[in-house]
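The values are calculated or read from the model by the stated rules, or taken from the named source; none is laboratory data. None of the values given here were measured: they were computed from a predicted structure. Because the Cβ atoms are built from the backbone with ideal geometry, glycine has one as well, and the counts that use them run over all protein chains shown.
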Amino acid sequence: MAGRGTVKAHGGFNAKNDAEVLYKAMKGLGTDEDAILQLLTARSNAQRQEIKAAYKTLHGNDLVDDLKSELGGKFESLIVALMTPPIMYDVTSLRDSIKGAGTDEKVLIEILASRLPNEHNDDLEEDVTGDTGGNFRRMLVVLLQASRQQGIQEDLIQSDAQALLAAGEQKYGTDEGQFITILGNRSNAHLRRVFDEYRKISGYEIEESIQRETSGTLQEVLLAVVKCARGVPGYFAESLYNAMKGSGTDDQKLIRIMVSRSEVDMMDIRAEFRKRFATSLHKTIQGDTSGDYRKALLLLCGGDDNYLIQVSNKHILAFIFQELCNRFKERKNILVETTKIRRTENNIITILCLT
């Protein structure tokens, strides 16, 4: 998914100049939050680390400490996350999820099920396993071992599918170990082929069998692995939707996903979000957040897919946009909430729901 992020390395980058911009945004009375968010969301994580080093050299202070002292709330959490190197951010998120009373298993599942083997940290096993147990812990350990095989092993597709069927639907009880071994060690591309074969020989989708044959946190992590094997962007699109649906927002999850995927596959997540939920990620964030926090999230999102219009006749498309420009020429902002273009039986193009 490399290259499908919305945040790219900034051309003409100068760490010292950026450090000075941030210093000026924080010195004196008041803080220029807009200058901070506009700059940091337009730099790659590697560039932010260079800015941090330049800031320390120029002003003798730690940039993150200064940002924390000037900002607050969810906006502060988002900016601090942007300033953290990716693997360190995952490690911090995982350790935060297990410290204190109770464990946030959903954070463990999200991070360990979705990351590539080379994105894991070798020092996490003791932290994670000390606060979990049973088959759930076994699956987490397998994922932490980062030993997924590469590519598709044609000679194992049929036997893997048969082993999963024998371990669940065809067995009194469940051999959870087989599910853990196969789902935890095979590549995503290989697993997709196994799932297709499994459906042919069993008549079930693998998700159906996992739901029948397992329960609790083991079921959750196995289903997450399956979703990621089918497509990581789809998994995160669903996670973002769940973070914002209904009353209240899971801001920790929202920040974690928007930051960690902004340089990886945010474009694909946006496309999956639009396809699955008939609205854009941009619009959903806009309606569920506010202030500088919202501004920064929208910049990480990178665009509103509700504005995309698909039509085959380029002359008609040009006419439509000209009409829109004429209609709204006195307004600084044009908001087309939902634009649907359809051909009627008489090949007349009808525009619906313009606001």
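Yes/no per residue for (1) of a type in the set (Val, Ile, Thr); (2) modelled with pLDDT under 95; (3) closer than 30 Å to Tyr172 by Cβ; (4) surrounded by 16 or more Cβ atoms within 10 Å (Cβ to Cβ):
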| residue | (1), (2), (3), (4) |
| --- | --- |
| Gly216 | no, no, yes, no |
| Lys227 | no, no, yes, yes |
| Val232 | yes, no, no, yes |
| Ser239 | no, no, no, yes |
| Val259 | yes, no, no, yes |
| Glu263 | no, no, no, yes |
| Glu272 | no, no, no, yes |
| His282 | no, no, no, yes |
| Asp288 | no, no, no, yes |
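Taking the numbered list (1) in contact (Cβ under 8 Å) with a residue 60 or more places away in the chain; (2) within 15 Å of the chain's Cα centre (by Cα) in turn, Leu240 passes all entries but (1).
Considering (1) free of Cβ contacts under 8 Å to residues at least 24 places away in the same chain; (2) surrounded by fewer than 16 Cβ atoms within 10 Å (Cβ to Cβ), the lone condition that Gly73 does not fulfil carries the number (1). Which one is farthest from Glu125 (Cα to Cα) among residues in region 136-157 that are polar (S, T, N, Q) and surrounded by fewer than 15 Cβ atoms within 10 Å (Cβ to Cβ)? By that ranking, first place goes to Gln150.
Within region 138-157, the set of residues being without any contact (Cβ under 8 Å) to a residue 40 or more places away in the chain and farther than 22 Å from Tyr235 by Cβ comprises Gln153, Glu154, Asp155, Leu156.
Scanning region 243-257 for residues that are assigned to a helix (DSSP H, G or I) and either within 9 Å of the chain's Cα centre (by Cα) or closer than 23 Å to Pro86 by Cα (or both) returns Ala243, Asp251, Gln252, Lys253, Leu254, Ile255, Arg256, Ile257.
Looking at region 162-173, can you tell me whether even one residue there is under 22 Å from Gly231 (Cα atoms) and at pLDDT 95 or above? Yes, some residue in region 162-173 is under 22 Å from Gly231 (Cα atoms) and at pLDDT 95 or above. Taking the conditions exactly as written (in contact (Cβ under 8 Å) with a residue 24 or more places away in the chain, surrounded by fewer than 19 Cβ atoms within 10 Å (Cβ to Cβ) and either under 30 Å from Glu263 (Cβ atoms) or not assigned by TED's automatic domain parsing to the domain that holds Val259 (or both)), does Thr92 satisfy them or not? Answer is no for this residue. Total residues in region 8-30 satisfying the condition of being assigned to a helix (DSSP H, G or I) and farther than 19 Å from Glu76 by Cα: the figure is 4. Just one of the numbered conditions (1) part of a helix (DSSP H, G or I); (2) among the hydrophobic types (A, V, I, L, M, F, W, C); (3) more than 25 Å from the chain's Cα centre (by Cα) is not true of Ala189: (3). From the list Leu156, Leu124, the one residue that fits, being within 26 Å of the chain's Cα centre (by Cα) and either modelled with pLDDT of 90 or more or not polar (S, T, N, Q) (or both), is Leu124. Of all the criteria given as (1) assigned to a loop (DSSP other than H, G, I, E, B); (2) among the hydrophobic types (A, V, I, L, M, F, W, C); (3) at pLDDT 70 or above; (4) in contact with a helix residue (DSSP H, G or I) (Cβ under 7 Å, 6 or more places away or on another chain), the one not satisfied by Val336 is (3).
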